[in-house]
Each structure stands twice: as structure tokens, then as C-alpha cells.
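The values are calculated or read from the model by the stated rules, or taken from the named source; none is laboratory data. Nothing here was measured: the structure is a model prediction, and the numbers come from that model. In this analysis, Cβ positions are derived from the backbone assuming ideal geometry, glycine residues included, and neighbour counts consider all displayed protein chains. Protein only, heavy atoms only, side chains kept; ligands, DNA and RNA dropped before computing areas. Shrake-Rupley method; radii C 1.70, N 1.55, O 1.52, S 1.80 Å.
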Amino acid sequence: MKILVTGGTGYIGSHVAVKLIEEGHEVIIVDNLANSKITVLDSIKKITGKSPIFYQENLTNFGTIEKIFKDHQFDLVIHFAGLKSVSESVEKPLMYYQQNLSGTINLLRCMEEFNVKKIIFSSSATVYGDSEVAKRTETMPTGQNIANPYGKTKYMIEEILKDICTSDPKFSAIALRYFNPIGNHSSGLLGEDPNGIPNNLMPYIMKVASGELEELSIYGSDYDTSDGTCRRDFIHVVDLANGHLAAFKALETPGFKAYNLGTGTPTSVLEMVETFEKISGRPLPHKFAPRRPGDLAEIWADPSKVKQELGWQTHLTVEDAMKDTLTFLRNHQ
Ligand code: UD1
């Protein structure tokens with residue numbers, strides 16, 4: 001298939017691009033490089049032996065995106081491009097609504113104009129909002145009490161996709177709700193390397209491990225959990241990438257469908273630190289700090305629907321992700 005991958009040089013997009021190329025698909029990447037580096041294309045080539053066609057463009061520029069659709073007849077769009085910092089979205093909500101919503105609407109308008117009927121959207125567990133039940137299933141309500149504009153854009157885009165599926169009986173849209181992706185390709189050539197001080201746990205652990213940052217603050221030690229720290233469903237990004245290929249099956253029938261991509265098993269923040277120390281063989285400087293506003297105590301996936309309907313499940317562990325992270329770290333020091 002000829003597949004447009006928006007955000008294809010980003011952390012998750014690049015891992016999916018590798019899988020697609022390995023499976024023999026033709027990949028065209030559009031990315032504005034706002035949070036990724038052009039050198040990712042060299043890494044994709046090193047791993048797969050092939051260079052994807054690349055456009056450095058922003059989805060908010062309708063005319064340039066339309067031109068790309070004129071040049072290529074796509075069979076499928078996989079849409080990752082978007083801003084993803086929770087804290088930045090609280091500070092700059094308009095920027096998030098503009099980039100994530102306008103960008104997606106432009107993309108969907110081009111799909112309509114050029115008769116492209118299939119999309120896989122990179123959604124998030126954040127669409128579930130707060131809930132009494134930590135284990136999230138796809139039948140739970142979405143959109144309630146989402147704590148930040150970033151999360152709301154994910155929810156709103158899912159709603160837009162549902163409306164398009166209602167209006168066009170030939171349209172297929174799959175929302176993949178990611179839990180907490182970590183790790184990287186085992187070659188250590190691709191990974192998550194955010195600019196500046198990271199918000200997310202694994203990139204922060206990496207910067208402490210490399211000596212770039214002094215110590216990790218564990219936000220909250222008094223949660224009602226097994227060890228008092230938050231618990232999350234950390235999923236290896238290579239398993240996550242495979243989930244996108246599994247989702248092709250769901251595209252065969254039109255309509256909107258959502259699937260959780262997670263392991264089904266939670267790990268606490270403190271367990272993450274301890275595992276990293278065990279795998280690296282070195283202590284990871286850390287301290288306990290006050291809770292981070294907006295954090296949920298616990299959230300993990302019920303992955304039974306995706307296993308049953310698409311035959312997908314995770315195979316890699318948090319330990320595998322930590323090992324691969326260390327390889328990436330060594331390659332980038
Ligand atoms: C957040 C978003 C999620 C998004 C994901 C990846 C919400 C509620 N969650 O997930 O939608 O897909 O980022 O971008 O919007 N932690 C520390 N110290 C740190 C960093 C994190 O203790 O320096 C803790 C956090 O308090 C949390 C856990 O580690 O308990 C995971 O945090 P993080 O990696 O930021 O992911 P989420 O907040 O779960």
C-alpha cells in the first residue's frame with residue numbers, strides 16, 4: 001500500500017514507518033520537524049535499507065498538503081503529527097487547538113477531496129479522562145474531565161472521525177489509544193530525544209542517567225497505590241508499532257473503531273526507577289516531590305478487545321524497553 005505517515009520522523013511515527021517499510025509498503029512522510037530531527041530519516045534507511053519520501057511541511061498549510069495529495073494517490077493515512085506536551089498545552093491552549101485540530105481537519109479535507117477512505121489515528125488513553133476504575137476498556141465513556149487541552153484535542157479528533165464515518169458509509173477510521181509508550185528500536189538508532197527538559201518519565205530518566213539532569217523527581221508518594229507512587233501501563237514502542245499493522249484488519253470494514261494499545265499490567269513509577277537501576281547497574285538519583293497537578297493515580301489498559309478482534313498483544317517487557325533505551329543512550333552520547 002501507499003501510506004502517508006504524518007509525524008513520521010517523531011518517536012512513534014518513525015518506529016511505525018520502519019515496520020511499514022519492512023512489510024513492503026511505500027511510505028511517504030510529512031513532518032514539520034517541530035519535535036524531531038531530519039537525521040531520523042538516515043536511521044530509517046540504515047534499519048530498512050530504504051529512504052521514505054519526505055516532505056518537511058506543516059499540516060496547517062492546506063495548500064501544500066493538498067499538493068502532496070495531488071502528487072500521490074494514498075491508500076491509507078496514519079496520522080501522528082501533533083503537539084503532545086501536556087504542560088505546554090495548558091499554557092498555550094490556542095496553539096494546541098490550532099495545530100492539532102486545524103492540522104487534522106486539513107488532512108481530512110484532503111482525504112475527502114482525493115477519495116482516500118482509510119485513516120489510523122494516534123489517539124491516547126487520555127481520552128478516558130478521570131474514572132473510578134483504573135483499568136480502561138473501550139466501552140467506557142470518553143471526553144469527561146480531561147485535564148488538559150492536549151488530551152481534549154485527542155478526544156475531539158476522535159469525535160470528528162466518528163462524524164465523518166456517519167456521513168460517509170465507505171470511510172474507515174481507527175483510533176489507537178496508546179497508554180505509556182517507552183523504549184525504542186533494538187538497534188538504538190531510533191528513540192525519543194526531546195529538546196529541553198522532558199515532561200515524560202522515561203525521557204527524564206534517560207537525561208538523569210546520562211548526567212544531563214541531576215536527579216529525577218518522583219511526583220507523589222502518597223497515592224493510594226501499592227507503593228504510594230502512580231501506576232501506568234508502559235508499553236514498548238515496538239509492540240505499539242506492531243499494533244498499527246494489526247489495525248489494518250479493522251480497516252477492512254467501514255466505520256469508526258477504537259482500540260487500546262497497552263500491556264494490561266501496571267508498573268509504578270518507583271518500580272520503573274528500580275528496574276532501570278537493575279538493568280543499568282547504576283543508581284539513578286531520585287527524590288520524592290509533591291504530586292504533579294492533573295496526574296491520575298493509576299490507569300492501565302484492558303487489551304482484550306484488540307487481542308480478540310485483531311490478534312494483537314504485547315511481547316516485550318519493561319526490562320526490554322530499558323535495555324533498548326540504554327543502547328539508544330550509548331549511541332547518542
Ligand atoms: C501523559 C499524558 C498522556 C500522553 C503521555 C505521553 C495525561 C493524563 N497523560 O501521560 O496523554 O500520551 O503523557 O506524552 O494527559 N513522573 C515523575 N517524574 C517525572 C515525570 C513523570 O514522577 O519527571 C511520573 C508522573 O507523575 C506519572 C508517571 O511518571 O505518574 C508517568 O508520567 P508521564 O510519562 O508524563 O506520562 P502520563 O502523565 O501518564
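Accessible area per residue of the chain at 1.4 Å probe, in Å²?
On the way: 14700 Å² over 333 residues.
Per residue, the chain has an accessible area of 44 Å².
Over segment 124-187, what relative contact order in percent results from Cα pairs under 8 Å that are six or more residues apart?
Details: 47 pairs, mean separation 22.3, N = 64.
Here the relative contact order equals 35 percent.
Order the following by accessible area, largest value first: Asp324, Asp233, Asp193, Asp130. Probe radius 1.4 Å; ligands, DNA and RNA are ignored.
Result of the area sort, largest leading: Asp130, Asp193, Asp324, Asp233.
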Problem set entry | FRET efficiency for Thr39 and Asn61, using Cβ-Cβ distance with R0 set to 30 Å, rounded to 0.05 | 0.80
Exercise. Carbon-plus-sulfur fraction of the accessible area of the chain, 1.4 Å probe, in percent?
Worked result: 49 percent
Problem set entry | Accessible area of Arg109 in the full protein assembly, 1.4 Å probe (Å², nearest 10) | 120 Å²
Exercise. Based on the alpha carbon coordinates of segment 50-90, what radius of gyration and maximum Cα-Cα distance (Dmax) apply, in Å?
Worked result: 13.3, 39
For this session: May I ask which of Lys70/Lys117; Lys118/Lys305; Lys45/Lys152; Lys50/Lys278; Lys50/Lys207 have a Cα-Cα span longer than 27 Å here?
Result: Lys45/Lys152; Lys50/Lys278; Lys50/Lys207
Exercise. Can you give the calculated 222 nm mean residue ellipticity of the chain, where each DSSP H run of n ≥ 4 adds -39,500 (n - 2.57) and the sum is split over every residue, rounded to the nearest 500 deg cm²/dmol?
Worked result: -11000 deg cm²/dmol
Exercise. Helix 269-280 sits at what angle to the longest principal axis of the chain, using alpha carbons and giving 0 to 90 degrees rounded to 10?
Worked result: 80 degrees
Seminar exercise, completed: Expressed as a whole-number percentage, the relative contact order of the chain with C-alpha contacts under 8 angstrom and at least six residues apart is 18 percent
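May I ask for the percentage of alpha-carbon pairs in the chain that lie more than 29 Å from each other? Numbers along the way, then the final one.
Numbers: 19297 of 55278 pairs.
Taking all Cα-Cα pairs of the chain, the fraction more than 29 Å apart is 35 percent.
List the relative contact order of segment 1-125 as a percent without decimals, with contacts defined as Cα pairs under 8 Å and 6+ residues apart.
On the way: 192 pairs, mean separation 35.4, N = 125.
Worked out over segment 1-125, it gives 28 percent.
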Exercise. What shape does segment 266-333 take by its C-alpha gyration tensor, where a ≥ b ≥ c are the square roots of the eigenvalues and a/c under 1.5 counts as rounded, a/b above b/c as prolate, and the rest as oblate?
Worked result: oblate
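What is the sum of charges around Val208, taking Lys and Arg as +1, Asp and Glu as -1, for the other residues whose C-beta is under 15 Å from the C-beta of Val208? Don't jump to the answer; show the numbers that get you there.
Values: positive: Lys207, Arg282, Lys287; negative: Glu192, Asp193, Glu212, Glu214, Glu215, Glu274, Glu277.
Every neighbour counted, the sum reads -4.
Would you please classify the overall shape of segment 78-189 from the alpha carbon gyration tensor, given that a ≥ b ≥ c denote the square roots of the eigenvalues, rounded means a/c under 1.5, and beyond that prolate means a/b larger than b/c while oblate covers the rest? Intermediate values should be presented prior to the final figure.
Working: a/c = 1.36, a/b = 1.27, b/c = 1.07.
It is rounded, given that a/c, with a ≥ b ≥ c, falls under 1.5.
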For this session: Could you please put Leu261, Leu83 in sequence from largest to smallest accessible area, using a 1.4 Å probe?
Result: Leu83, Leu261
For this session: Once you have the Cα-Cα distance between Asn199 and Ser226, take 0.36 nm times their residue separation minus that, and quote the gain in nm to one decimal.
Result: 7.4 nm
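What ranking of Glu66, Glu158, Glu112 comes out by heavy-atom accessible area, probe 1.4 Å, highest first?
On the way: Glu66 40, Glu158 0, Glu112 150 Å².
Ranking Glu66, Glu158, Glu112 by accessible area, largest first, yields Glu112, Glu66, Glu158.
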Seminar exercise, completed: Within the under-15-Å Cβ sphere about Leu94, not counting Leu94, Lys/Arg +1 and Asp/Glu -1 give a net charge of 0
